[in-house]
Amino acid sequence: MPEKRRVKARLTHALPPLHHALGGAVLWALATAASALLGLFCGGWQTPHRIGGIVLLFAAGGALAFPLALFAARLLVPQRRAEAAFAAAFVSLVAATLGLTGGLYALQYRLYYAQWHAPAFTKLWAIEFAFTSAAALYQFAVLGVRLYFPGGFIALFAASLWFARRAR
């Protein structure tokens, strides 16, 4: 029984304050959106009418990722060491941001191709769903991740540093 209490106490402690989670989500969404916008402009994007949708996708991924990453980082570093806190925040933010933004991209990609797919919940549909999602994630890894450089990397470093200082 004491083990259950210890786990519950650790999970409760890992929950970030609401103002940190919401404020950080807004700031992280702005940072990821700005990074994508900068990457698109610097890359000479050929279809400017699509820039808003891509920037919004990156902002939504960042907004959803920050509270989850903050919880994970707080869960990983209960002892409050600055180096460990920085590393936990860095890894958590990278994983959550790329995972959620890539997931949103895959959902949008799947939504577009759904018109040519088999009826929902059939065997063929499941295969098409899996391969379309895998193709979307691959495309995001190849084309989307580069939009986080250099601006997103700077924001990632700053957010991880903020977390490490708060952990002390």
(request) Just subtract the alpha-carbon distance of residue 75 and residue 107 from 0.36 nm times their residue separation and send over the number in nm, one decimal. (result) 8.7 nm
(message) Suppose we look only past 26 Å in the calculated P(r) of region 1-119. What percent of the Cα-Cα pairs does that tail hold?
(response) 36 percent
(request) Could you state the angle between the C-alpha long axis of helix 2-14 and the longest principal axis of the C-alpha atoms of the chain, as a value from 0 to 90 degrees rounded to the nearest 10? (result) 70 degrees
(message) If I take every Cα pair under 8 Å that is 6 or more residues apart in the chain, average their sequence separation and divide by the length, what percent do I get for the relative contact order?
(response) 30 percent
(request) Rounded to the nearest 500, what is the 222 nm mean residue ellipticity of the chain from helices alone, with -39500 (n - 2.57) per DSSP H run of 4+ residues and division by all residues? (result) -27000 deg cm²/dmol
(request) Considering the options 151, 139, 121, tell which one lies farthest towards the positive end of the dipole of region 69-155, charges being +1 on Lys and Arg and -1 on Asp and Glu at the Cβ, about the Cα centre. (result) 151
(request) Could you tell me the accessible area of residue 41 in Å² (1.4 Å probe, neighbours in place), rounded to the nearest ten? (result) 140 Å²
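Nothing charged except the Cβ atoms of Lys and Arg (+1) and of Asp and Glu (-1): what's the magnitude of the dipole of region 1-140 about its Cα centre? Round to the nearest 20 debye.
620 debye
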(message) So if I restrict to the alpha-carbon atoms in region 50-116, what is the Rg, and what is Dmax, the biggest pairwise distance, in Å?
(response) 15.2, 52
(request) Arrange the residues 105, 112, 138 by how much accessible surface each exposes, largest first, with a 1.4 angstrom probe. (result) 138, 112, 105
(message) Along each principal axis of its Cα atoms, how long is region 1-65 end to end? Whole angstroms, biggest number first, please.
(response) 61, 20, 16
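Would you mind telling me the share, in percent, of accessible area of the chain contributed by carbon and sulfur at probe 1.4 angstrom?
Answer for the chain is 73 percent, counting heavy atoms of protein chains only.
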(message) Give me the 1.4 Å probe accessible area per residue for the chain, excluding ligands and nucleic acids, in Å².
(response) 62 Å²
(request) Could you order peptides 6-15, 49-58, 92-101, 21-30 by the average number of other Cβ atoms within 10 Å of their residues, highest first? (result) 92-101, 21-30, 49-58, 6-15
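The values are calculated or read from the model by the stated rules, or taken from the named source; none is laboratory data. For clarity, every value in this text was computed on a predicted model and none was experimentally measured. Virtual Cβ from ideal backbone geometry, glycine too; neighbours counted across all protein chains shown. Calculation scope for accessible area: heavy atoms of the full protein, side chains included, ligands and nucleic acids excluded. Shrake-Rupley method; radii C 1.70, N 1.55, O 1.52, S 1.80 Å.
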